[in-house]
Amino acid sequence: MDKHVALPLSRIVDVARRAGVSTATVDRVLNRRPGVRRVTQQRVLAAASELNYMPAEDLLAAMKPKPMRLLFLLPAGTNRFLATLGQLIAYSEARLAAFNVRCQVDYIKSFNAELLARRLWQYRDKVDGIAFMALEHPAVRETVDMLAERGVPTVTVISDILNARRVAYLGLDNRSAGRTAGYLIARFIGARNAKVAMIAGSLSYRAHEEREMGFLHVFEELFPLIKVVGLREGHDDADRNYRQTRMLLGRHPDLAGIYNIGGAADGVGRALKEMNRARETVFVGHGLTSDTRSLLIDGTMDAVITQNQLHTMMSCIGIFDNLRAGRSAMHGIETPRSEIIFRENIPGSGV
């Protein structure tokens, strides 16, 4: 347990005068409380050392920052990409210790905005930063703003939220991702009259809404012979995606392509195989996982648009470390890039 440093008031005044800060700032620094920029911390500690007002062991303890406590709040369910991201974070404890970071992962029922807002608020005094997959909802927006007022920064991953005081978004340009999916499907189909359809997780995710918009626009602009016949929500659930795909194929026996906007691609793949449509229907989706790898290898899927999970995790940590050091949130942080994976360029399973 950290030792509480209690200097006589006269000594605090001397340290504050030498460091050029307030006595309250001196107290915060010596007792390792948050809210003071690192350069100011160093100035206070240097003043305390020069005035010999701290034992050497207390000075060393004060100079070492407390581990940064971070929370990754992710949707529960059968979305393998998000589950793999959570496992990566949980299994990286030893690797992250070198960064003086302690990460925890919590899962929450998908697509429930009010529950998400309550869970975010529950962690307000327990962590130094929160990374989460946002839902577009007033309750979530209000909670993000209240956390910012309390000095708890938030980062949105995969899906963003607008007009809220989150410090950064780490995810793809989802409108571009939707356009890319449409372009790939159209090129696979070729220059002919055809029908394609979409299956979303939920349009309450801004990412899914933006992917839908990009997908629709690319056909309107470049491929007028191809008609988009519908959008269904599968809530990133494999069984629901399976049923939605069978319904689409039953209603449109000549369906030439499917874009799975969210997760649980295995449900779509299962339906395509059962109805003997895996070779006839172009299938593009998101997130390189064990399921989508298998679907690419057996030819059921034609392409997967993904982002690097390790890069996402480390970038989140980098953002929160920037804030702790008084730097801008995105200092030195590379924006996530879309990667397009085909059967012929699948990376090794350890990547």
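When the helices in the chain are scored as -39500 (n - 2.57) per DSSP H run of 4 or longer and the sum is shared across all residues, what 222 nm value do you end up with, to the nearest 500 deg cm²/dmol? Mind showing how you got there, number by number?
Values: 14 runs with 160 residues, N = 351.
Helix-only estimate at 222 nm: -14000 deg cm²/dmol.
Straight-line reach from residue 227: which aspartates and glutamates fall under 13 Å, measuring Cα to Cα and dropping same-chain residues less than 8 apart?
254
Can you give the FRET efficiency for residue 76 and residue 22, using 1/(1 + (r/R0)^6), R0 = 51 Å, r = Cβ-Cβ distance, to the nearest 0.05?
Numbers: r = 45 Å, r/R0 = 0.89.
With R0 = 51 Å, the Cβ-Cβ based efficiency is 0.65.
On the protein heavy atoms, probe 1.4 angstrom, tell me the percent of accessible surface of region 215-274 carried by carbon and sulfur. Mind dumping the intermediate values first?
On the way: 1280 of 2620 Å².
Answer for region 215-274 is 49 percent, counting heavy atoms of protein chains only.
If you take the beta carbon distance between residue 150 and residue 337 as r and set R0 to 35 Å, what does 1/(1 + (r/R0)^6) give as a FRET efficiency, to the nearest 0.05? Present the calculation step by step, with values, prior to reporting the outcome.
On the way: r = 33 Å, r/R0 = 0.95.
Plugging the Cβ-Cβ distance into 1/(1 + (r/R0)^6) gives 0.60.
So, in Å, what gap is there between the alpha-carbon centers of region 39-53 and region 209-272?
61 Å
Report the extension gain between residue 90 and residue 247 in nm, rounded to one decimal, defined as 0.36 nm multiplied by the number of residues separating them, less their alpha carbon distance.
Working: separation 157, 0.36 × 157 = 56.52 nm, distance 3.79 nm.
That pair, residue 90 and residue 247, stretches by 52.7 nm at full extension.
Going Cα to Cα from residue 66, which lysines come in below 25 Å? Please leave out same-chain ones fewer than 8 positions away.
Candidates past the 8-residue exclusion: 3, 126.
Please state, rounded to one decimal and in Å, the Kirkwood hydrodynamic radius that the chain gives when every pair of distinct Cα atoms enters the mean of 1/r. Mind dumping the intermediate values first?
Working: mean 1/r = 0.0446 Å⁻¹.
Radius from the Kirkwood sum: 22.4 Å.
Apply 1/(1 + (r/R0)^6) to the Cβ-Cβ distance of residue 102 and residue 298, taking R0 = 51 Å, and write down the FRET efficiency to the nearest 0.05. Spell out each step's value before the answer.
On the way: r = 41 Å, r/R0 = 0.80.
Efficiency, rounded to the nearest 0.05: 0.80.
Of 159, 269, 228, which is farthest along the charge dipole of the chain in the positive direction, counting Lys and Arg as +1 and Asp and Glu as -1 at C-beta?
Going by the charge dipole, the pick is 159.
Explain nothing, just the number: relative contact order of the chain, from Cα pairs under 8 Å at least 6 residues apart, as a whole percent. Walk me through the numbers before you get to the answer.
Details: 632 pairs, mean separation 47.4, N = 351.
Once normalised by length, the contact order is 14 percent.
Using a 1.4 Å probe, what is the accessible area per residue for the chain, in Å²? Spell out each step's value before the answer.
Values: 16830 Å² over 351 residues.
On a per-residue basis, the chain sits at 48 Å².
The values are calculated or read from the model by the stated rules, or taken from the named source; none is laboratory data. Keep in mind the model is a prediction, meaning the values are calculated, not measured. For neighbour counting, all protein chains shown are included, and Cβ atoms are generated from backbone atoms with ideal geometry for every residue, glycine included. When the accessible area is computed, the model is the full protein with side chains, heavy atoms only, and any ligands, DNA or RNA have been set aside. Shrake-Rupley method; radii C 1.70, N 1.55, O 1.52, S 1.80 Å.
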